[in-house]
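Right, one structure below, let's go through it.
The values are calculated or read from the model by the stated rules, or taken from the named source; none is laboratory data. Since we're looking at a predicted model, the values are computed, not measured. Because the Cβ atoms are built from the backbone with ideal geometry, glycine has one as well, and the counts that use them run over all protein chains shown. These area figures cover heavy atoms from the full protein model, side chains too; ligands, DNA and RNA do not enter into them. Shrake-Rupley method; radii C 1.70, N 1.55, O 1.52, S 1.80 Å.
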Amino acid sequence: MEDFAKKNLRDFGIFFGIIVFMTAILIFSILQTRESWKKGLAVEVQTVLDAYAGEKYIVDKFVAVDSAISTSSAVYSLLRPGTNSKDRCYGVLVRVPSIVGPVPAVFVCGEGEFDNPTFIGYAGDFGRVGDMLDFRSSDGIMKYWQGMVPKIIKRINHDR
């Protein structure tokens, strides 16, 4: 081989080696932070549920969903204190479009109520914007997501 071809081959090899190394670091960091991400979302969901004036719930564990919507949502199994632990209840955190951009909204639905999820509130500290979210949320958007939550729950992967 010519010296020119050897130099190019070496340079391209180094370049692609760096790309592969950086990609490996990125994948490793994503896999390592996945659990803390799930725990952080669970804390946010629990905070919203604690502020809810209705029935009390306790966030149990993350539930995997087999759907493309799983990149914009998270599903947690919920426990109702003082009731039979076999009663399935789910808390769903989804990104809902609003006047201030996408915000995380928490919906809850229990056994037999999958077709009628309840909007609990928004996760996060929005300050004064939070009041505007409550008054300016479109009924159409909320009805859409109340219709989507049962579809998300039906996609739960029970094998994981």
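Miscellaneous remarks
- Accessible area of Ile25 in the full protein assembly, 1.4 Å probe (Å², nearest 10): 80
- Computed FRET value (nearest 0.05) for Arg88 with Asp125, which takes r as the C-beta separation and R₀ as 25 Å: 0.25
- Loop-located trypsin sites (Lys or Arg not before Pro) in region 18-104 (DSSP state other than H, G, I, E, B) with a sparse environment of at most 10 neighbouring Cβ atoms within 10 Å: Lys86.
- Residue-span extension gain [Arg95 to Lys7] - 0.36 nm each, minus C-alpha spacing: 26.7 nm
- With coordinates expressed along the principal axes, the C-alpha atoms belonging to region 6-51 extend over 66, 12, 5 Å, beginning with the largest.
- Per residue convex hull volume, Cα atoms of region 15-79, in Å³: 105
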